[in-house]
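Working notes, structure below.
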Amino acid sequence: MDRNPIKILESLGQSIWLDYIRRDLITSGQLQRLIDEDGLSGLTSNPSIFRKAIAESNLYDADIQGISITTKDLNAIYEAISQQDMQNAADLFKPLYEKSNGGDGYVSLEVNPHLAYDTLGTIEDGYRLWATLNRPNILIKVPATVEGIPAIRQLISEGINVNVTLLFSLPRYRQVTDAFIAGIKDRINKGKSPKNVVSVASFFLSRLDAEIDPKEHDFVASGGEQAHFATRIRGQVAISIAKIAYKIYRQIFESEEFLKLGALPQRLLWASTTPQNPDYCDLKYVEALIGPNTVSAINLKTFEAYRDHGDPESLLEANLEEASLVWSKLSEAGINIKEITEKLESDGVEEFIQLYDRMIGVLSKKTRIC
């Protein structure tokens with residue numbers, strides 16, 4: 001029996017997607033081996049990942065030199081090299097996509113983060129990326145901002161696969177599911193099939209605990225009446241919210257009303273799964289959230305750690321009462337979850353913009369060197 005923990009996850013209904021890409025991952029055959037030997041079933045990317053790949057290697061120098069002969073537009077250069085990698089990765093996952101009837105084998109590329117608060121700009125960029133990439137197993141990343149919600153609906157209605165990113169709160173998650181279902185209904189009303197439209201909703205986990213833990217620490221230090229509870233929930237808020245989100249997911253997507261639509265459910269994806277607190281177990285946000293029809297996006301380090309010492313067990317629906325208690329008592333532990341999640345979303349958008357601009361800065365230096 002294969003005891004590879006990552007392959008066992010497949011039998012528990014969870015897909016593992018790699019949150020990493022670099023050209024030699026593809027050209028060396030490593031990505032194909034991860035698919036064949038470990039059961040890797042998808043891949044995500046972002047400008048920060050590409051910045052590191054471009055800055056820390058010469059893998060892209062020839063392409064940068066060649067493209068810069070015809071254009072000095074750094075955004076166009078980035079898109080050309082990133083899209084080539086994503087298309088090649090999508091082609092490697094295509095057999096899995098076909099074998100699973102579109103259930104898995106996806107790669108994700110995001111719209112320009114500068115458009116996070118621009119609904120029409122996001123829609124236009126989503127259309128353009130989808131048409132340019134021209135692969136059925138591509139997901140277009142769209143942030144779950146207020147302005148992103150109608151963009152999600154529109155893109156879904158046009159049959160464009162969407163990975164909803166920067167999710168932190170349960171109320172916003174409900175808005176995301178509403179937008180997805182509305183998009184599916186819009187598509188049906190146009191006389192088009194919803195069967196091959198795919199979406200995931202990505203909760204960012206470690207960022208949530210990293211923001212909340214210091215506040216809990218201060219509350220405990222104050223010796224308040226609820227100090228014991230604050231200690232008890234330390235490092236548990238993100239996992240509790242994820243568990244409640246999965247309960248909501250099941251209520252919505254296993255309902256008779258949704259099943260009548262004949263569409264695939266919008267799966268939950270666990271993102272930001274590497275703990276930011278060094279005191280936490282390296283697999284904290286993977287082990288606790290294994291469950292049917294979910295996706296865990298992990299970086300290469302966490303992937304290798306899980307393959308080495310992961311302990312696969314379906315725990316996503318375990319201790320739901322405890323998760324609900326944590327959620328209901330946050331205010332008593334001095335936690336304003338609405339304020340925190342709004343800040344995390346705003347900070348996340350700003351961080352994505354800064355990382356994108358840093359990536360453009362790296363390209364600028366590379367074009368001068370080349």
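The values are calculated or read from the model by the stated rules, or taken from the named source; none is laboratory data. Being a predicted model, the structure only gives us computed values, none of them experimental. Cβ atoms come from the backbone with ideal geometry, glycine included; neighbour counts cover every protein chain shown. Accessible surface is based on the protein model in full, side chains and every heavy atom, while ligands, DNA and RNA are left aside. Shrake-Rupley method; radii C 1.70, N 1.55, O 1.52, S 1.80 Å.
Quick look at the values:
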quantity: Within the chain, helix-based [θ] at 222 nm, where runs of 4 or more DSSP H residues each add -39,500 (n - 2.57), nearest 500; calculated: -18000 deg cm²/dmol
quantity: Area accessible to solvent at Lys260, 1.4 Å probe radius, in Å²; calculated: 150 Å²
quantity: 19 Å reach of a label modelled at Ser28, 7 Å along Cα-to-Cβ, counting backbone N of segment 38-76; calculated: 38-46, 49-62
quantity: Cα-Cα pairs of segment 252-370 separated by more than 20 Å (percent); calculated: 67 percent
quantity: Dimensionless Rg/Rh of segment 37-196 - Kirkwood Rh, Rg from C-alpha atoms; calculated: 0.99
quantity: Cα pair distances in segment 235-317, grouped into 5 Å bins until the bin that holds the longest one, percent each; calculated: 3, 14, 24, 23, 16, 10, 6, 4, 1, 0
quantity: Rg/Rh for segment 150-216, where both radii come from Cα atoms and Rh is the Kirkwood radius; calculated: 1.14
quantity: Residues whose placed amide H lies under 5 Å from that of Ser15, excluding near-sequence neighbours; calculated: Thr294, Val295, Ser296
quantity: Bridge type composition, the chain - antiparallel percent by DSSP, nearest 5; calculated: 0 percent
quantity: Virtual spin-label span in nm between Ile69 and Asn134, 7 Å along Cα→Cβ; calculated: 2.2 nm
quantity: Inter-part distance where segment 123-160 and segment 304-370 are each reduced to a Cα centre, Å; calculated: 21 Å
quantity: Rh by Kirkwood over Cα pairs, then Stokes-Einstein D for segment 86-134 at 0.890 mPa s and 25 °C, µm²/s; calculated: 204 µm²/s
quantity: Selected from Ser206, Ser240, Ser324 as most flexible by GNM, with the chain as the system and alpha-carbon contacts under 10 Å; calculated: Ser324
quantity: Only Lys, Arg (+1) and Asp, Glu (-1) charged, at Cβ; segment 266-338 dipole about Cα centre in debye; calculated: 380 debye
quantity: Using distinct alpha-carbon pairs, which all enter the 1/r mean, Kirkwood radius of segment 255-303 in Å; calculated: 12.8 Å
quantity: Helix 237-253 vs. the chain, principal-axis angle (Cα, 0 to 90°, nearest 10); calculated: 80 degrees
quantity: Calculated FRET value between Leu59 and Asn319, using beta carbons and R₀ = 45 Å, to 0.05; calculated: 0.50
quantity: Partners for Lys365 among lysines (Cα-Cα distance below 18 Å; same-chain residues under 8 apart left out); calculated: Lys52, Lys72
quantity: For Asn163, distant residues with modelled amide H under 5 Å away; calculated: Ile140, Lys141, Val142, Val200
quantity: For segment 19-26, Karplus couplings with θ = phi - 60° (6.51, -1.76, 1.60), whole Hz, Gly/Pro x; calculated: 8, 5, 7, 7, 4, 6, 4, 7
quantity: As computed over the chain, the Cα convex hull volume per residue (Å³); calculated: 140 Å³
